[in-house]
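Let me begin by presenting the structure, written as structure tokens, before commenting on it.
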Amino acid sequence: MKFSVAIASAIEALFANLLRSFLTMLGIIIGVASVMTMMAMGEGAKARIDEQISALGASTLTLRPGAMRRGGRSMGAGAATPFTEADLDALAALPYAGAVSGQLSSSVTAVSGQTNWSTSLTGTDDAYFEIHDWHPVEGRIFTPREVRTGAAVAVVGKSIVENLFDGTDPVGQRIRVNNVPVSVIGVLEEKGQSSFGSDRDDVIIIPLRTARNRIIGAHRTTPKNVSRIEVMVADGYDLKEAQNELVEYMRDRRHIKAGGDDDFMVFNIADFVRARSATQATMGVLLAFMAAVALFVGGVGVMNIMLVSVTERTREIGLRMALGARGSDIMVQFLAEALVLCGTGGLIGVTLGFAGSWIAAKTGGWEMAISPQITLISLGAAVAVGLFFGYFPARRAARLNPIDALRYE
Amino acid sequence: MGPAPIIEARQVTKVYTMGDQKVHALRGIDLEIAPGEFTAIMGPSGSGKSTLMNLIGALDQPTSGDMLIEGHSLSTMRPDDLADLRNRTLGFVFQQFNLLPRANALQNVKLPLRYARHEHIDADARARECLELVGLGERMDHRPAQLSGGQQQRVAIARALAGKPHIILADEPTGALDTKTSADIMELLVTLNASGITIILVTHEPEVAEFAQRQIHFRDGLIESDERRAS
Ligand SMILES: Nc1ncnc2c1ncn2[C@@H]1O[C@H](COP(=O)(O)OP(=O)(O)OP(=O)(O)O)[C@@H](O)[C@H]1O
Ligand SMILES: [Mg+2]
């Protein structure tokens with residue numbers, strides 16, 4: 001018997017008992033829908049994590065003064081000696097340091113004309129823009145010379161333009177930051193919200209020395225202080241190794257004895273984001289488990305109904321054998337029915353999976369990431385379940401003895 | 001010496017075992033049926049008629065002895081070869097018609113052609129031809145429930161004919177039909193026999209058996225008498 005004929009009569013059989021077919025398919029539908037949602041969520045979350053990592057700088061190490069959390073108590077960063085501009089120069093000379101940026105930051109009030117705005121100020125250098133892959137859409141960023149001399153220039157984020165300038169081009173305008181006049185030389189491209197929910201575009205960036213000398217003020221004991229250093233690891237160097245070497249190098253510079261605790265921290269931003277994403281991964285595993293269970297339960301349901309169907313149709317099987325059906329013909333017939341059941345369930349499940357992924361993407365805040373592969377894998381899972389759980393009933397039907405089947409009451 | 005028998009039973013016995021009870025359904029049957037013969041098998045209930053028909057039909061295997069169809073011993077054939085033999089050489093007609101209730105007449109007749117793997121036949125044309133032959137050309141798209149008993153049996157005969165069998169085995173084909181309808185069915189079988197098909201028929205009714213050239217009587221799993229009518 002041709003396979004296409006078997007499929008056609010299997011579809012007929014499915015329609016002959018629509019309600020029962022649908023109930024049988026339910027497990028498969030749920031299983032496939034969750035397989036799809038799970039994979040789409042995984043892909044979407046991964047894409048978002050990658051995006052966040054690259055936004056933060058995939059190969060950036062961040063240094064802060066202060067000790068790591070120990071015994072549940074966080075040692076305040078303020079207590080530790082800050083870094084200095086000398087640290088910046090020393091770090092820049094290291095072979096694995098592709099770019100080094102030092103930063104100071106503070107909350108400030110910015111004024112333009114009659115408009116007031118509370119925002120955050122970052123004092124830094126030109127390397128900052130390279131490390132953060134952040135470029136001006138209007139004007140320019142500061143030159144190394146402006147950084148060195150502590151010029152009164154500012155590069156602002158999009159939200160500053162909205163809130164202080166009503167959306168008009170601010171380049172060339174003057175603003176007062178905590179009463180210090182600076183002129184705006186550039187506007188940065190929009191970054192949107194950070195993963196923590198803060199507005200990354202609500203920032204005024206000025207040269208480090210300008211910030212320290214004229215707005216924030218220097219540290220009591222360390223005049224040329226820097227509160228945060230970012231090191232972009234050069235191409236060809238392993239991030240983890242660089243991180244370890246950096247820790248050793250800074251311990252040395254800060255004269256920490258062997259066995260003593262670090263009085264500074266080095267973060268690897270990618271690790272940080274991944275740790276935060278672990279909850280999402282856990283959820284994915286949970287969904288995968290649910291999908292597997294649903295597919296299994298669905299498969300057992302299909303097997304159960306197929307066994308009932310084989311028993312109900314024993315006489316029909318006997319008749320077909322009397323008319324010349326081989327065992328393999330009967331096998332193909334019942335496998336085709338299991339396949340059609342699971343395949344149809346799979347198609348419905350894929351449709352639901354699209355809906356599920358869409359909802360997951362909405363609530364999770366990432367792009368819907370359904371690829372043709374995901375759809376194919378989901379359908380493939382349904383077909384595999386059909387073949388696997390349909391095999392046993394089909395074989396039982398194929399092995400019936402013709403005369404016993406024909407005389408079955 | 002006549003022509004080589006198309007069906008040959010050699011010392012065939014059949015014992016059914018149910019628990020510790022043994023039923024000797026056939027106790028040693030020797031039988032030869034020539035090509036083109038129309039044979040009626042009669043005998044009391046439980047005498048082994050159906051058992052023999054199942055053995056001839058390759059649906060079951062004898063406990064001992066040998067069954068030969070067209071010279072081939074069934075005991076040496078593999079299940080797939082037996083299936084092909086049923087498909088190609090044999091046609092079955094049952095007392096209860098055994099039609100698929102959800103399929104129409106045409107689909108029912110086409111059923112055995114689905115399993116035909118030996119030749120490329122136009123199943124649709126062949127099935128129509130067979131339905132025309134049994135006088136149901138106008139009822140091809142009727143389902144069994146929409147047909148009378150006699151018409152259903154005609155569909156079943158058309159189905160038996162679809163694979164161009166050499167032998168038709170009919171176990172009480174008129175058992176569920178009235179006298180008039182029985183006579184119609186028998187005339188149809190006589191026509192088929194005239195076209196060269198060997199027919200073996202089981203019946204309880206002497207009038208039905210009268211249509212056959214040869215009458216075999218069974219009793220307690222043995223052949224009691226075997227008579228040929230001079231024609
Ligand atoms: N599958 C079976 N299992 C056990 N015993 C069986 C089986 N089939 C038939 N028999 C027994 O074998 C004997 C012969 O049965 P068979 O069906 O051949 O009789 P029959 O001549 O066709 O009778 P009837 O005219 O009633 O159809 C009976 O005693 C029956 O009970
Ligand atoms: Mg009988």
Expressed as a rounded percentage, what relative contact order does region A:124-268 have, with Cα pairs under 8 Å and six or more residues apart?
24
Selected from B:Arg102, B:Arg126, B:Arg27 as most flexible by GNM, with chain B as the system and alpha-carbon contacts under 10 Å:
B:Arg102
In region B:99-198, if the dipole is taken from +1 on Lys/Arg beta carbons and -1 on Asp/Glu beta carbons about the Cα centre, which of B:Ile197, B:Gly163, B:Thr179 is farthest to the positive end?
B:Gly163
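If r is the Cβ-Cβ distance from B:Thr76 to A:Gln373 and R0 is 60 Å, what FRET efficiency results, to the nearest 0.05?
Details: r = 53 Å, r/R0 = 0.88.
Once the sixth-power term is evaluated, E becomes 0.70.
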Per residue and in cubic angstrom, what volume does the convex hull of the Cα atoms of the protein assembly as shown have?
257
Which of B:Asp20, B:Asp124, B:Asp81 ends up with the largest GNM mean-square fluctuation for chain B, with Cα atoms connected below 10 Å?
B:Asp20
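Send over a whole-number figure in Å² for the accessible area per residue of the protein assembly as shown, probe 1.4 Å.
Values: 30480 Å² over 640 residues.
Per residue, the protein assembly as shown has 48 Å² of solvent-accessible surface.
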Chain B, Gaussian network, Cα under 10 Å: of B:Leu201, B:Leu147, B:Leu131, the residue fluctuating most is B:Leu147
Determine one quarter of the surface area of the Cα convex hull of region B:95-231, which equals its mean projected area, and express it in nm² to one decimal.
9.3
In the protein assembly as shown, with Lys and Arg counted as +1 and Asp and Glu as -1 at Cβ, which of these residues, A:Pro223, A:Ile269, A:Val180, has the Cα nearest the positive end of the dipole, that is, farthest along it?
A:Pro223
Counting only other residues whose beta carbon sits under 14 Å from that of B:Leu192, what net charge do I get with K and R as +1, D and E as -1?
-2
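What does the convex hull of the alpha-carbon atoms of region A:174-246 project to on average, in nm²?
Dividing the Cα hull surface by four gives the mean projection, 8.0 nm².
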Among B:Gly137, A:Phe388, B:Thr89, flag the residue with its Cα farthest along the positive direction of the charge dipole of the protein assembly as shown, charges on Cβ as +1 for Lys/Arg and -1 for Asp/Glu.
A:Phe388
Quick one: what does P(r) look like for region B:1-64 with 10 Å bins over all Cα pairs, in whole %?
19, 50, 25, 5, 1
Measuring from label point to label point, each 7 Å out along Cα→Cβ, what is the A:Glu12 to B:Ala145 span in nm?
1.6
What do you get when you divide the Cα radius of gyration of chain B by 2.2 N^0.38 Å, with N the number of residues?
1.00
With the Cα gyration tensor of region A:129-180 giving a ≥ b ≥ c as the square roots of its eigenvalues, does the rule (a/c under 1.5 for rounded; else a/b larger than b/c for prolate; else oblate) give rounded, prolate or oblate?
oblate
Report the relative contact order of region B:1-115, percent, no decimals, based on alpha-carbon pairs under 8 angstrom and at least 6 residues apart.
26
Before rounding to the nearest 500, sum -39500 (n - 2.57) across all DSSP H runs of length at least 4 in chain B and divide by the residue total; then give [θ] at 222 nm in deg cm²/dmol.
-9500 deg cm²/dmol
Evaluate peptide B:100-110: per residue, the Cβ atoms of other protein chains within 10 Å of its Cβ; return the mean as an integer.
1
Looking only at other chains, what is the average number of their beta-carbon atoms within 10 angstrom of each beta-carbon in A:328-336?
1
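The values are calculated or read from the model by the stated rules, or taken from the named source; none is laboratory data. This structure is a prediction, so every number in the text was calculated from the model and none was measured. Positions of Cβ are generated from backbone atoms using ideal geometry, with glycine treated the same way; all protein chains shown enter the neighbour counts. Remember, those area values only see protein heavy atoms, side chains included, never the ligands or the DNA or RNA. Shrake-Rupley method; radii C 1.70, N 1.55, O 1.52, S 1.80 Å.
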